[in-house]
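Down below is the structure, laid out as structure tokens.
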Amino acid sequence: MSLIANKLALVSAILVCFAGGIRAADSLSWNAAKGRVTADVQTWDLQALLENIATATGWEIYVEPKTRHNASTKFKERPPGEALRLLLGNLSYVLVPQTNGPGKLYVFKNTRNDATQLVKGRKKSKKLDKELIVTMKPGAKLDAEGLGAKVTGKIDKLNAYRLEFESAEVAEKARQKLEQDENVDLVDSNYELSRPPNPDSLSMSSIPGLDLKIKPNQAGEGPIIGLLDTAVQGKSGFYLPGMSVAGEATLDPNSPTHGTAMAEAILRGLGLLKENDVSGARILPVDIYGDAPSASTFQLIQGLLDVLEGGADVVNMSLGSDAGIQLLQRMIAEASAKCVIFLAAAGNEPTTAPTFPAAYSEVTAVTALDRNGQIAPYANRGNFVDVGAPGAVVFPFNGQSHVTMGTSPATAWASGLAGNLLASGQDPCTVAAKLRSMLAVPPQY
């Protein structure tokens, strides 16, 4: 076997291979004001079911450890008590109302006292409810004034608009009107993407062995890895000229950004399987945050168009929300059909609920592993997750050691590995499947 083949086998053995699951399309709607519940649940296990109930209701939920139940039911407009019985099957439960907070739900096989394991609901992404993303059909024009909207962003090549309205109610009326317009292609909501935190500095100034083992080939001539994140610092020979869709960022020379940490993680994945110490791969950084505390899915779409037009072979998205966007999914599907490789973070909540864009079928969803090759306790899991990778990267910056943890660096590390496979001669159309085979993780919930 070659050196690369040996190392591939080693990584596969360390990270444990298992077949991935099939994505579910289950749904749960809990209308507290009307006291009515609608559900279509066929594949959720108990953990996923309770997470979704906690998210929908705000209840504090406790379950008896190691309890198993696979929900399979479909109903409309049932009262909460009846809904719980249909959802939980033969399991026992007690719902205890609270005077100064959300109710508490206990789920168990024997007695309420056995329900000791807390199940957390998922944090909902912030919808920008005064905004819409509208994509017009080719050649069609948008009458923003007639909708009572202000155009705050436009992507000419997609004929897509970011619209802002005076209120959520006006935005909803405009949505209804747009959905009836034959010249409109897509109508999406716009969601906030919170700015990821900067890495933490470590007490020691320098840790031996953190320097990169690979050097850039000055001629380039390798795969391009698009990095959609905050601004990236430094003038590494691995970086192509960066771009920004959110204005110029103010950078602290003594503190690395999240984007810089992700670039470091990519380079460590890139160097894992090299037979020599030179790589022609390049990172194409696109800043979607600027100096703002958040970005939006519209800016993510702008950034994605930039990295694709920049020739990215691999696209790293160490970010996500719980809401899918039609235009974003279409762009990913079209580029994936041309064998562009997409990787995105599964999230750090932890729940089994899907995170987007990671949960799109064309994207390799990456969760974080601990040092034992198990899913890290903070990391999202679930049947939308495709692979696991190391959940921490330690790197030097201006003479100081820094660390960042989560599914974000795990995603960047896996993106670097994808770039390495490309640089080693792998067919681009097979790299995503190769990653899912090498780095697949067993279900642990």
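For region 349-432, what does the alpha-carbon gyration tensor say about shape, rounded, prolate or oblate, given a ≥ b ≥ c as the root eigenvalues, a/c under 1.5 as rounded, and a/b over b/c as prolate? Here region 349-432 falls in the oblate category. Averaged over residues, the count of other Cβ atoms within 10 Å places the peptides 350-359, 239-248 in the sequence 350-359, 239-248, highest first. As a check on your grasp of the helix formula, calculate [θ] at 222 nm for the chain: sum -39500 (n - 2.57) over DSSP H runs of n ≥ 4, divide by the residue count, round to the nearest 500. Taken over the chain, the calculation gives -8000 deg cm²/dmol.
Overall dimensions of region 32-119, expressed as equivalent-ellipsoid semi-axes from the Cα gyration tensor (√(5λ), whole Å, largest first), are 19, 17, 11. Extent along the principal axes, Cα only, for region 131-190: 28, 23, 19 Å, with the longest axis given first. The residue among Thr352, Gln180, Ala140 whose Cα reaches farthest toward the positive pole of the charge dipole of the chain, with charges on the beta-carbon of Lys, Arg, Asp and Glu, is Thr352.
Once the Cβ-Cβ distance of Leu118 and Ala219 is raised to the sixth power relative to R0 = 56 Å, the FRET efficiency obtained is 0.55. Within the shell defined by Cβ-Cβ distances under 12 Å, the residues around Gly242 carry a net charge of -2, with Lys and Arg each +1 and Asp and Glu each -1.
Every number here is computed from the coordinates shown, using simple stated rules; none is lab data. Bear in mind that the values here come from a model prediction, so they are computed numbers and not experimental data. Note: ideal-geometry Cβ built from the backbone for every residue, glycine included; neighbour counts use all protein chains shown.
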